[in-house]
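> Please see the structure below; I have some questions.
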Amino acid sequence: MAQARPGHRPHARVFLEHTGAAGLDDLIEGVYLQRYPFESPLVIKVFETARQGDPQAQAVMRWAGRELGKLAVGVINQLEMQQECFEVVLIGSLHGGSPLMDQALRKTIRKTAPASPIRTARRSSVVGGVLLGMEQAGLNGHAIRDKLIGTTNAILKKD
């Protein structure tokens, strides 16, 4: 089992153990050279470590929120919608995983689009994709929208 070298913070041990890296230098180099893939389980470790109060992991969560917010701001600026009131809907499993990330994301967006409410989607984005696909095929998906939502929610609760 990999050990953090003296002087390294305890949070490093989590990532060293997960990847099997010999130390922080090996971990950083290994992630960069793709010897240690930065996959979902490792991302989850960052969220867990931040929830446990680690300042570096919390800084990563705030950074991630700002960067996600900048992506939305880029779209808002391209569409010249800064003064418009439109709904910003956050989708995906990351949202809600870290209050620090969500707060930073919201703060970043509000600087550019202060009149726009920001909310987290309550339903899976799968339903929207199905409805768009049906529309492209010339079908009226809205007639079965509620059934799609109910079925999708039932399937997602089983996982």
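> Looking at (1) modelled with pLDDT under 90; (2) closer than 26 Å to PRO41 by Cβ; (3) among the acidic types (Asp, Glu), which is the only condition ASP146 fails?
All conditions pass for ASP146, except number (2).
> I would also like to ask the following. For segment 77-91, does any single residue satisfy the condition of being within 25 Å of VAL46 (Cβ to Cβ), assigned to a helix (DSSP H, G or I), of a type outside the set (Val, Ile, Thr) and open to solvent by 30 Å² or more (accessible area, probe 1.4 Å)? Working first, answer last.
If we filter segment 77-91 for residues that are within 25 Å of VAL46 (Cβ to Cβ), which is where we start, we get 88-91.
Among the residues that remain, those that are also assigned to a helix (DSSP H, G or I) are: none.
No.
> Moving to a separate point now. Select from segment 101-154 the residues that are among the hydrophobic types (A, V, I, L, M, F, W, C), part of a helix (DSSP H, G or I) and open to solvent by less than 30 Å² (accessible area, probe 1.4 Å) and list them in ascending order. Give the derivation first.
Let us first name the residues in segment 101-154 that are among the hydrophobic types (A, V, I, L, M, F, W, C), namely 101, 104-105, 109, 113, 115, 118, 121, 126-127, 130-132, 134, 137, 139, 143-144, 148-149, 154.
Subset that is part of a helix (DSSP H, G or I): 101, 104-105, 109, 126-127, 130-132, 134, 143-144, 148-149, 154.
Scanning segment 101-154 gives MET101, ALA104, LEU105, ILE109, VAL127, LEU131, ILE149.
> Is there any pair with a first residue in segment 25-47 that is of a type in the set (Lys, Arg) and a second that is open to solvent by less than 60 Å² (accessible area, probe 1.4 Å) and not in a helix (DSSP H, G or I) whose Cβ atoms are under 9 Å apart and which are 6 or more apart or on different chains, and what are they?
ARG35/ALA21
> Within segment 105-127, which residues are closer than 24 Å to ASN77 by Cβ and not hydrophobic (A, V, I, L, M, F, W, C)?
Step one: filter segment 105-127 for residues closer than 24 Å to ASN77 by Cβ, giving 105-121, 125.
Within segment 105-127, ARG106, LYS107, THR108, ARG110, LYS111, THR112, PRO114, SER116, PRO117, ARG119, THR120, SER125 meet the criteria.
> Another question, if that's okay. Please specify each residue of segment 31-63 satisfying the condition of being touching a Leu at 6+ places or on another chain (Cβ under 8 Å) and not polar (S, T, N, Q).
Within segment 31-63, the subset touching a Leu at 6+ places or on another chain (Cβ under 8 Å) is 36, 50, 58, 61-62.
The answer is TYR36, ALA50, MET61, ARG62.
The values are calculated or read from the model by the stated rules, or taken from the named source; none is laboratory data. In this text the structure is predicted, and so the values were computed from the model without any measurement. Because the Cβ atoms are built from the backbone with ideal geometry, glycine has one as well, and the counts that use them run over all protein chains shown. Please note that ligands, DNA and RNA were not included when accessible areas were found on the heavy atoms of the full protein model with its side chains. Shrake-Rupley method; radii C 1.70, N 1.55, O 1.52, S 1.80 Å.
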